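The values are calculated or read from the model by the stated rules, or taken from the named source; none is laboratory data. Note that this is a predicted model, so its numbers are computed, not measured. Heads up, the Cβs are rebuilt from the backbone with ideal geometry, glycines too, and the neighbour counts pull from every protein chain shown.
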Amino acid sequence: MKNIASILAENTRRNLALQTDYDPITGHGGCGNRRLVGSEWLPSTLLSECPDYPTLPPEQRRRLRVRHDFEYWAATSATIRDKLTGQNIRFKLNAPQRRLLAVMEEMRLAQKPIRVVLLKARQWGGSTLVQMYMAWFQLVLRMGWNSLICGHKHNTSRAIRQMFRLLLRNYPDDLKNDDDGETLRFANYEGSRDIQQVTGRDCLVVCGSSRSEDAVRGFNLAMAHLTEVAFWASSAMHDPEDVMRSVLGTVLPEPDTIVVLESTANGVGNFFHNEWLRAQSGQSDKVAVFVPWYEIELYRQPVTDPAALWACLDEYERRLWDEGCTLEQLAWYHSKRKEYSTHTQMMEEFPSNDIEAFSNTGNCVFDLGQLDLLRQSCRPPVLTGDIEGAWLAPGEAHVVEQPNGPLQVWRQPERDGTATHYLVTVDVGGRSAKADWSVMAVMDIGDRRNRRAEVVAQWRGHIDHDLLAWKAVHLAQHYDNALLVIESNTLETEYTEGDGGQYIMSVIGQRYGNLYSRSRDGKGHRKYGFHTNRQTKRQAIYALIAAVREGAYIERSHAAIDEMATYELTRRGGFEAMPGHHDDILMTRAMALQVLTQLPLPHPVLTTDDRQSILKSY
């Protein structure tokens with residue numbers, strides 16, 4: 001039990017840390033490298049370009065400073081609509097906006113293309129910051145710097161462009177005219193309502209929608225603000241990736257170009273979620289930025305009775321305290337939760353981290369936080385190749401190395417006398433390159449008493465089904481004659497005449513003595529293979545859910561985690577991969593874990609010391 005006095009002392013320290021003396025006019029607390037000159041904290045780039053800046057006339061200093069200091073330009077020149085009061089005010093950045101700005105400014109000053117994936121919580125002005133930043137480029141930094149605003153609907157794009165229109169209407173007189181005296185304003189471009197030209201800057205602001213990727217073609221774009229990307233529809237006619245290709249085809253990867261993908265979360269497995277994961281893992285050219293609810297200054301509430309508040313906080317809220325939240329933030333969160341029937345709904349609207357944001361939207365079967373823990377054990381294979389052996393004949397199978405082979409090996413079978421038990425599961429796919437994959441997974445199940453099961457190898461490819469079955473036999477042989485579990489549905493469906501599917505399984509069963517059989521028919525004949533129906537599939541998926549939740553097995557393949565992250569509960573209560581994704585690897589794990597529940601525990605292997613201890617006890 002925490003002492004309330006120590007809690008209050010720590011809370012005071014945290015609140016002091018949150019208080020920043022930020023003044024965009026003087027530059028105090030502004031982002032980037034700054035130097036104090038007189039009473040102003042000025043960007044170092046400004047002083048490097050103009051060392052005699054302090055001696056210049058005020059008007060000249062102002063024009064120079066707005067070119068180097070976005071925060072100063074925003075606070076003195078950019079007008080926005082205040083969400084709370086509805087009044088027009090100058091744009092003073094809040095703390096989350098300053099954090100996003102710092103990311104973009106670091107790229108700009110390093111002469112790198114500005115590329116960001118922004119996962120948003122509610123009501124902190126992420127879209128406003130992106131739009132005003134792009135307007136700064138068009139009005140101050142660059143001539144002819146065309147921009148695109150693209151949302152899931154045209155109305156969304158036009159609403160964001162309205163920010164630019166408001167800015168121009170209220171732009172300061174001393175900056176409103178270009179060098180030739182032409183007033184900066186919006187003008188229709190060739191009669192199109194979706195294209196506006198900024199007079200005096202020779203630049204366009206184009207509005208588009210994800211439903212019409214052709215809208216971005218034909219323009220020499222330098223900047224793109226792609227908004228609510230998670231809600232972009234994916235269909236045969238409209239694909240977010242097609243829109244992205246169109247944008248990247250015209251926005252060159254050059255300094256001062258900008259591409260920002262921003263959205264609130266809308267489940268996993270969609271284009272935005274995939275782009276977020278790529279950025280977060282460093283596999284894309286974009287930087288991932290997420291702002292949790294507790295960084296937003298609006299979400300705080302005075303605390304009159306700290307002891308009473310602390311007493312009513314649940315385990316989750318106290319964990320937020322342990323992670324650094326203040327009592328004022330927790331008071332707001334605790335009060336706000338009462339508006340929602342479930343905590344899941346609250347986390348959907350006000351996520352504390354990116355995992356919450358994605359987990360609590362959509363119908364994902366697996367908890368993304370638990371998948372993140374499972375992913376920590378994933379690693380590159382020690383060998384890539386294929387498994388070979390003599391078809392239709394028993395014998396020693398062997399692994400051959402191939403740079404891009406279908407077999408990944410994380411650990412070879414133990415050959416040092418260590419007691420091991422292996423299980424090989426096979427999910428049967430199609431033959432063609434566009435069909436589902438066939439997957440074989442090898443799991444070291446150990447003695448199931450003292451250590452967790454572990455994925456040690458995986459084969460994934462397209463192959464004729466009879467060849468797949470025999471290749472599975474050889475893989476099982478290689479792993480110490482492992483128990484071989486072959487999903488039989490496809491074989492039984494494909495070879496319905498004469499029960500050909502069971503014939504293949506029966507032939508294998510005659511030549512391989514450790515083939516899984518689920519039952520016997522009325523004549524006492526074995527029915528080989530794992531038959532997937534609604535009941536057995538649910539049992540297998542539930543076994544996998546429990547294993548992921550409890551950390552009951554060790555995963556090595558990132559692809560397996562990716563499939564779990566895009567596996568969803570359907571409206572009819574079934575399970576399936578989200579459109580455009582697969583579940584072949586996932587099903588090999590689910591089958592393995594379900595079969596494990598049916599197997600008796602093996603007898604413990606006794607060492608020489610164990611035997612001697614037993615003999616001495618008599």
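Every residue, every condition in (1) within 19 Å of THR425 (Cα to Cα); (2) of a type in the set (Ser, Thr, Tyr); (3) at pLDDT 80 or above, yes or no:
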position: GLU568; (1), (2), (3): no, no, yes
position: PRO579; (1), (2), (3): no, no, no
position: ALA592; (1), (2), (3): yes, no, yes
position: ASP609; (1), (2), (3): no, no, no
position: ILE614; (1), (2), (3): no, no, no
position: SER617; (1), (2), (3): no, yes, no
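Could you list, ordered by first residue, the pairs with Cβ atoms under 8 Å in which the first is in region 511-531 and at positive phi and the second is modelled with pLDDT of 85 or more and of a type in the set (Val, Ile, Thr), at least 6 apart or interchain?
GLY529/VAL485; GLY529/ILE486
Going by what's in this entry, would ALA331 be described as part of a helix (DSSP H, G or I) and more than 21 Å from ARG13 (Cβ to Cβ)? Don't jump to the end; show me each part of the working.
Values: part of a helix (DSSP H, G or I): yes; more than 21 Å from ARG13 (Cβ to Cβ): no.
Taking the combined requirement at face value, the residue does not satisfy it.
What number of residues within region 261-317 are of a type outside the set (S, T, N, Q) and in a loop (DSSP other than H, G, I, E, B)?
Total meeting the criteria: 19.
Let's see how each residue does on (1) under 34 Å from the mean Cα position of the chain (by Cα); (2) in a loop (DSSP other than H, G, I, E, B); (3) not assigned by TED's automatic domain parsing to the domain that holds LEU175:
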site	(1), (2), (3)
PRO51	no, yes, yes
GLU59	no, no, yes
LEU64	no, no, yes
LYS83	yes, yes, no
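Out of LEU56, LEU8, LEU18, LEU42, which single residue is free of Cβ contacts under 8 Å to residues at least 12 places away in the same chain and more than 30 Å from PRO253 (Cβ to Cβ)?
Being free of Cβ contacts under 8 Å to residues at least 12 places away in the same chain and more than 30 Å from PRO253 (Cβ to Cβ) holds for just one of LEU56, LEU8, LEU18, LEU42, which is LEU56.
Does LEU118 qualify as being farther than 28 Å from ASP239 by Cα, in contact (Cβ under 8 Å) with a residue 40 or more places away in the chain and in contact with a helix residue (DSSP H, G or I) (Cβ under 9 Å, 6 or more places away or on another chain)?
Answer is no for this residue.
When you check ALA74 against the structure, is it surrounded by fewer than 20 Cβ atoms within 10 Å (Cβ to Cβ) and among the hydrophobic types (A, V, I, L, M, F, W, C), yes or no?
Judged against the criteria, ALA74 is not a match.
For a quick check of your reading of the model, give me the residue pairs whose first member lies in region 423-439 and is assigned by TED's automatic domain parsing to the domain that holds ALA453, whose second is among the hydroxyl-bearing types (Ser, Thr, Tyr) and assigned to a strand (DSSP E or B), with beta-carbon atoms closer than 8 Å and at least 6 apart or on different chains.
VAL426/SER438; ASP427/SER438; VAL428/SER438; GLY429/SER438; GLY430/SER438
Among residues belonging to region 327-353 that are of a type in the set (Gly, Ala, Ser) and over 19 Å from the mean Cα position of the chain (by Cα), point out the one that is farthest from ILE296 (Cα to Cα).
Start the filter on region 327-353 by keeping residues that are of a type in the set (Gly, Ala, Ser), which leaves 331, 335, 341, 352.
Those left that are additionally over 19 Å from the mean Cα position of the chain (by Cα): 331, 335, 341.
Values: ALA331: 14, SER335: 16, SER341: 23 Å.
Looking at residues that are of a type in the set (Gly, Ala, Ser) and over 19 Å from the mean Cα position of the chain (by Cα), I get SER341.
Among the residues of region 109-143, how many are assigned to a helix (DSSP H, G or I) and surrounded by fewer than 22 Cβ atoms within 10 Å (Cβ to Cβ)?
6
Of all residues in region 312-327, how many are out of contact with any Pro (no Cβ under 9 Å at 6 or more places or on another chain) and either of a type outside the set (Asp, Glu) or assigned by TED's automatic domain parsing to the domain that holds ASN15 (or both)? Don't jump to the end; show me each part of the working.
Step one: list which residues in region 312-327 are out of contact with any Pro (no Cβ under 9 Å at 6 or more places or on another chain), which gives 312-326.
Still in the list and also either of a type outside the set (Asp, Glu) or assigned by TED's automatic domain parsing to the domain that holds ASN15 (or both): 312-313, 316, 318-321, 324-326.
Number satisfying all stated conditions: 10.
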